[in-house]
1. For the residues Ile69, Ile140, Ile183, what sequence is obtained by ranking on other C-beta atoms within 10 Å, fewest first?
2. Quick one: which residues, 5 or more positions from Thr87 or on another chain, have an amide H under 5 Å from its amide H? H modelled 1.01 Å from N in the peptide plane, none for Pro or chain starts.
3. Amide H of His47: which non-local residues (sequence gap of 5 or more, or other chain) have their own amide H closer than 5 Å, using H built in the peptide plane?
4. Got a sec to turn the phi values of the range 151-168 into Karplus ³J(HN,Hα) couplings, 6.51 cos²θ - 1.76 cosθ + 1.60 with θ = phi - 60°, whole Hz, x for Gly and Pro?
5. Note the count of lysine pairs whose C-alpha atoms are less than 16 angstrom apart in the range 3-172, limited to pairs 8 or more residues apart or on different chains.
6. Quick check: the angle from helix 223-239's long axis to the longest principal axis of the chain, C-alpha only, nearest 10 degrees?
7. In percent, how large is the relative contact order of the range 3-172, given Cα pairs closer than 8 Å and 6 or more residues apart?
8. Just to check I understand the Karplus step: with θ = phi - 60° and J = 6.51 cos²θ - 1.76 cosθ + 1.60, what whole-Hz values come out for the range 262-277, glycine and proline as x?
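Rule-based calculations on the coordinates, nothing more; no lab input. Model, not experiment: these values are computed from the prediction. Glycine gets a Cβ as well: all are built from the backbone with ideal geometry, and neighbour counts include every protein chain shown.
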Amino acid sequence: MKENSIVKQPLPHFVVDDSELKVYPSNKMTIFKSMRATHVLKGEHVHTNYEFVIARSNIEGFMLGNKKIDFKPDQMVVVYSGQNHGTQLLMTDIEFVNIQFEREFLHEVMYAVYQSKEMVITQDVVSVDETLKDLIEQYILEFEQQHSGYLLVLEQLCITIAVKLLRLLVTPAPVMSTEVETIIEYMKAHLESEFSLDEISSEHNMSKSCLIRKFKEKTGITPYDYFLELKISKALRLLNDPNNKVIDVALQCGFSNHSHFSKTFKRATGMTPTAYREKILFIKK
């Protein structure tokens with residue numbers, strides 16, 4: 001492993017890497033730490049990394065999608081890969097630690113820990129314990145001192161910090177009834193089609209009201225919203241391949257035209273499919 005293998009993660013346009021903010025990158029994880037009370041300009045953005053925001057002072061007005069979140073010191077919330085976030089107003093006199101993981105790396109760690117990809121990372125605000133804070137400080141100290149073998153130590157600390165965060169934030173996915181599992185598998189097999197509650201309820205011998213009630217009890221959302229989430233997840237996978245044209249991705253995900261796909265994708269991620277490719281994946285048209 002070469003010391004120059006570390007790649008520095010880009011910052012959003014409204015955050016400046018200067019004497020007030022230090023950046024500690026490694027190959028799979030980057031830590032951003034405010035060195036004193038600082039400010040963050042108004043702005044929101046999207047990226048493919050998972051981001052864990054830890055408050056070191058009171059922080060008010062952090063936006064997670066359309067939800068406004070307030071923090072107290074030593075509280076944390078996670079930003080999902082591809083989720084719009086930031087601030088709608090200027091933030092002043094705040095202190096924070098921000099941890100970002102590559103999406104694929106965190107998924108690999110999650111599977112290694114739980115032997116399952118069907119896990120839910122809660123977006124509730126949770127408290128940070130001393131163990132996690134100590135691990136973060138160990139990582140920063142190792143990065144700053146850069147003694148022999150420090151990259152190997154950073155690599156191990158990346159895994160340890162990821163596991164610790166997952167333990168704090170991951171809850172088992174709700175146990176599905178056989179009926180709901182069957183409905184979800186039916187949805188997955190028909191992602192190229194338009195959503196039809198009539199067809200799904202008829203296929204599974206349930207009234208529409210009964211189907212909606214049972215589905216929401218087990219998943220927390222309606223069948224239509226779940227179907228859209230499946231479509232967007234598939235679209236994200238297909239868009240990652242530069243050989244796939246946006247219109248082809250739209251058709252493969254069951255959207256009748258580019259406009260409908262673009263509007264639905266933007267509502268879910270905060271960006272159009274084209275902007276996602278250009279700004280996140282650096283794939284030009």
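1. Numbers: Ile69 19, Ile140 16, Ile183 25.
So the residues, fewest neighbours to most, are Ile140, Ile69, Ile183.
2. Hits under the 5 Å cutoff: Gly43, Glu44, Met63.
3. Gly82, Gln83
4. Along the range 151-168, the couplings run 5, 5, 5, 4, 4, 5, 5, 4, 5, 5, 5, 4, 4, 4, 5, 5, 4, 6 Hz.
5. Lysine pairs meeting both conditions in the range 3-172 amount to 10.
6. Taking Cα atoms only, the helix is inclined about 60 degrees.
7. Details: 308 pairs, mean separation 38.4, N = 170.
Computed value for the range 3-172: 23 percent relative contact order.
8. 4, 5, 5, 4, 5, 4, 7, 10, x, 9, 6, x, 5, 5, 4, 5
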